[in-house]
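The values are calculated or read from the model by the stated rules, or taken from the named source; none is laboratory data. In this text the structure is predicted, and so the values were computed from the model without any measurement. Glycine gets a Cβ as well: all are built from the backbone with ideal geometry, and neighbour counts include every protein chain shown. Only protein heavy atoms, including side chains, enter the accessible area calculation; ligands, DNA and RNA are left aside. Shrake-Rupley method; radii C 1.70, N 1.55, O 1.52, S 1.80 Å.
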Amino acid sequence: MSNSNLLGEYLRARRERIHPGDVGLPSDDNRRVPGLRREEVALLAGISADYYLRLEQGRNRNPSPAVLESLARALDLDDAANEHLRRVAAPRPSSTRRRRRRTSTPATIRLLVESLNLPSFVEDDHFDVLAANRLAEALSPSFQAGQNRLLSMFLAPEERALFPDWEAVTADLVAAFRASVADVADDARTVELVGELSLRSQRFRELWSRHDVRPRVGTPPVRLTHPQLGEMQLMREKLVISGPSGQLLVIWHPHPGSDSAEKLALLASL
């Protein structure tokens, strides 16, 4: 994974995914590049083609807020993508990014997780599971301390079987991971995860190259096919934990009175 030109990589990935007709430009069958050309992005953003080229090639790394706003409009970025653009355009100093992050979870949070009657676990910004209750572990083997949800999702066959909408789930997971590690893109754990997954999973390579981002919170309901209980639909709440940077408390829960609620209660009794 290259971290030397995050802004340029992001700009290139986004422009390659925009159809000219979607932004009011003529389209033809003789295009040699996917998406927009560099000069078309520059035109839409109201900047010179040479300046945009220098941004994408990493020869200019200090665009003004006004230029970033113009680029966000030209590339039709949503709020999450716009925020990510600003983060990669102004990364923190390398000495700050590479500092080892705190990986322990407060004892009070661990007690809370164990006391909840819903599948619950704590994950950090690399999606390493730091603490989990028994119901979470019964729901999925990847929801236990010591596991990494990215590695499990892409490399464990039983995890893929658990999610019938695996394609959509993996797309959301990688987009959330990219947003989560934007400030630690060159730390050892990020490089380790991206390197291993890039070597072992074509699906991950495809998704990572798209540079999609979305917030880690506000996730939609997910369908699961549990090996013992069959299909369930559960919602997920992700609550920020005060203190440790990047840690979230993740709680899976069903609609009250639903078939999924009955199955989750049965899983708890088992």
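For n ≥ 4 DSSP H runs only, could you compute -39500 (n - 2.57) per run for the chain, divide by its residues and tell me the 222 nm figure to the nearest 500? Before the final figure, lay out the partial values.
Details: 14 runs with 128 residues, N = 270.
Calculated at 222 nm, the ellipticity per residue is -13500 deg cm²/dmol.
In degrees, nearest 10, range 0 to 90: what is the angle between the Cα axis of helix 6-15 and the longest Cα principal axis of the chain?
Compared with the principal axis, the helix lies near 80 degrees.
So what's the angle, to the nearest 10 degrees on a 0 to 90 scale, between helix 188-200 and the longest Cα principal axis of the chain?
Rounded to the nearest ten degrees, it is 90.
Taking the solvent-accessible surface of protein heavy atoms with a 1.4 Å probe, what is the per residue accessible area of segment 1-68 in Å²? Please list the in-between numbers first.
On the way: 3880 Å² over 68 residues.
Result: 57 Å² of accessible area for each residue.
Residues with beta-carbon under 13 Å from that of GLN57, excluding GLN57: net charge, scoring Lys, Arg +1 and Asp, Glu -1? Mind showing how you got there, number by number?
Working: positive: ARG12, ARG38, ARG54, ARG59, ARG61; negative: GLU9, ASP50, GLU56.
Here the count lands on +2.
Nearest 20 debye, what's the magnitude of the dipole of the chain about its Cα centre given +1 on Lys and Arg Cβ and -1 on Asp and Glu Cβ?
Dipole about the Cα centre, nearest 20: 940 debye.
Could you go through segment 120-129 in sequence order and give the Karplus-derived ³J(HN,Hα) for each residue, using 6.51 cos²θ - 1.76 cosθ + 1.60 with θ = phi - 60°, rounded to whole Hz, and x for Gly and Pro?
With the stated coefficients, segment 120-129 comes to 9, 7, 10, 10, 9, 6, 9, 6, 7, 7 Hz.
Within the P(r) computed for the chain, what percentage of the Cα pairs occupies the region above 28 Å?
Cα-Cα pairs in the chain separated by more than 28 Å: 43 percent.
For segment 122-178 and segment 181-243, what is the separation of their C-alpha centers, rounded to whole Å?
7
Considering only protein heavy atoms and a 1.4 Å probe, what is the carbon-and-sulfur percentage of the accessible area of segment 182-270?
Here it works out to 55 percent.
How are the Cα pair distances of segment 172-270 distributed, in percent, across 5 Å bins from 0?
Answer for segment 172-270: a P(r) of 2, 11, 16, 18, 15, 16, 12, 8, 2, 0 percent.
Towards the positive end of the charge dipole of the chain, with charges on Cβ (+1 Lys, Arg; -1 Asp, Glu), say which of GLY243, GLY24, ALA188 has the farthest Cα.
ALA188
Between the helical axis of 79-89 and the dominant principal axis of the chain, each derived from Cα atoms, what acute angle in degrees is found, rounded to the nearest 10?
Between helix and principal axis, roughly 60 degrees.
Expressed as a rounded percentage, what relative contact order does segment 120-247 have, with Cα pairs under 8 Å and six or more residues apart?
The normalised contact order for segment 120-247 reaches 23 percent.
What is the packing order of peptides 43-49, 21-27, 155-161, taking the mean over residues of other C-beta atoms within 10 Å and listing the highest first?
Per-residue mean Cβ counts within 10 Å order the peptides as 43-49, 155-161, 21-27.
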